[in-house]
1. Taking region 5-24 as the region of interest, how many residues are under 19 Å from T133 (Cβ atoms) and modelled with pLDDT of 90 or more?
2. Given the conditions (1) over 19 Å from the mean Cα position of the chain (by Cα); (2) over 19 Å from S122 (Cα atoms); (3) surrounded by 13 or more Cβ atoms within 10 Å (Cβ to Cβ), and given that D92 satisfies all but one, which numbered condition is not satisfied?
3. Search region 63-81 for residues that are over 16 Å from S122 (Cβ atoms) and pair each with any residue that is modelled with pLDDT of 90 or more and assigned to a loop (DSSP other than H, G, I, E, B) when their beta-carbon atoms are under 7 Å apart and the residues are at least 6 apart or on different chains.
4. Going through region 104-118 one residue at a time, which ones are under 16 Å from the mean Cα position of the chain (by Cα) and either among the hydrophobic types (A, V, I, L, M, F, W, C) or not assigned by TED's automatic domain parsing to the domain that holds N70 (or both)?
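The values are calculated or read from the model by the stated rules, or taken from the named source; none is laboratory data. Predicted, not measured: the structure shown is a model, and the values here were computed from it. Cβ coordinates were reconstructed from backbone atoms using ideal geometry, including for glycine residues, and neighbour counts include every protein chain displayed.
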Amino acid sequence: MQSAGHAYRLKGQRLKSEFHLHGDMLHLMLRYTQSLLTQMAQTAVCNRHHSIDQQLCRWLLLSLDRLPGNQLTMTQELIANMLGVRREGVTDAAGKLQKQGVIEYHRGQITVLDRPKLEQLSCECYSVVKQETERLLPYMH
């Protein structure tokens, strides 16, 4: 887990039994897996072709989509590891976003103040992943 929250645990054997029924759980997990593969492939493209600033915006938006509010609790070190960049690059990119009034960052707490602006500053990779996730898992949003 990257952020605080709740999670459920299921014994592996129970999940396998559920899969063998070829029911809703199997189809949900297959759609989730396809969504995750899309995100991974798009992230690889993004890391190759877009700036750290754009990658940070994309990553913040994808993280926000999985949380109930507009706050993220994570260090710049964690974000740098997730993006595969140096922490200094994240510090610079986050500083730019803060100067523009898009986020507020203080001691591991990131508050998104202007989501529309964050979406505007992100590359198209965010919308590609978001659209595919909504297509595959429409009831998860």
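1. Going through region 5-24 one residue at a time, the tally reaches 1.
2. Every condition holds for D92 apart from (2).
3. A80/R86
4. I110, V112, L118
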